[in-house]
Amino acid sequence: MTRRIVLALACAAVAAAALPAVGETLSGAELFTRADKGHCAACHEVASAAPSARRSDVGPKLGGARMRALGRERLRALLTDPMASNPETLMPPYGRHRILDAAEIERVIDYLYALP
């Protein structure tokens, strides 16, 4: 019994360490990569100077020039509810499902705009 309690507490501590602290503000890059938030990196590859060991190719490759060409309003709409413009998309509706709040979506847009 004691062994199970210790194991349960250890698991809870590991899980809590992976979550952001209350009031913690995550950067756009962190939101892009965190599994408990955007986790965009699971499907999208980003343009960078360093080659990635993992290739994500479910969604299109994301580069700064392409993101800036789409514009902030279009990116905001895509992140909030991509199904509004493409009902067949696999991309989650981050805003509509409250995976990301409005401020987090803005930070992801800032990150995408800053990509090379």
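Of the peptides 28-34, 89-95, how do they stack up when ordered by the mean number of other Cβ atoms within 10 Å, highest first?
Values: 28-34: 19.1, 89-95: 16.7.
Highest to lowest by the protection proxy: 28-34, 89-95.
Give, in nm to one decimal, the length gained when the segment between GLU106 and SER27 is fully stretched (0.36 nm per residue of separation minus the Cα-Cα distance). Don't skip to the end; give the middle numbers.
Numbers: separation 79, 0.36 × 79 = 28.44 nm, distance 1.00 nm.
Stretched out fully, the GLU106 to SER27 stretch lengthens by 27.4 nm.
What residues of region 57-85 lie in the reach of a label at ARG98, counting those whose backbone N is under 19 Å from a point 7 Å from the Cα along Cα→Cβ?
Label zone hits: 79-82.
Which ³J(HN,Hα) values in Hz, rounded to whole numbers, follow from the phi angles of region 31-43 under the Karplus curve 6.51 cos²θ - 1.76 cosθ + 1.60, where θ = phi - 60° and Gly and Pro get x?
Running phi through 6.51 cos²θ - 1.76 cosθ + 1.60 with θ = phi - 60° gives 4, 5, 9, 6, 5, 8, 10, x, 6, 4, 5, 5, 10 Hz.
State the extension gain, in nm to one decimal, for the chain segment bounded by ARG66 and SER85, taking 0.36 nm per residue of separation less the distance between their alpha-carbons. List each step's numbers first, then the result.
On the way: separation 19, 0.36 × 19 = 6.84 nm, distance 1.78 nm.
Between ARG66 and SER85, full extension yields 5.1 nm more.
Once amide H atoms are placed 1.01 Å from N in the peptide plane, what residues at a sequence separation of 5 or more from HIS44, or on another chain, have their amide H within under 5 Å of its amide H?
Counting only residues 5 or more places away or on other chains, the set is GLY59.
Could you go through region 70-85 in sequence order and give the Karplus-derived ³J(HN,Hα) for each residue, using 6.51 cos²θ - 1.76 cosθ + 1.60 with θ = phi - 60°, rounded to whole Hz, and x for Gly and Pro?
Working through the residues one at a time gives 5, x, 4, 5, 5, 4, 4, 5, 5, 6, 6, 7, x, 6, 5, 9 Hz.
We did not get these values from a lab; they are worked out from the coordinates using the rules stated. All figures in this text were calculated on a predicted structure; none of them were measured in a lab. Reconstructed Cβ throughout: ideal geometry from the backbone, glycine too, with neighbour counts over all protein chains shown.
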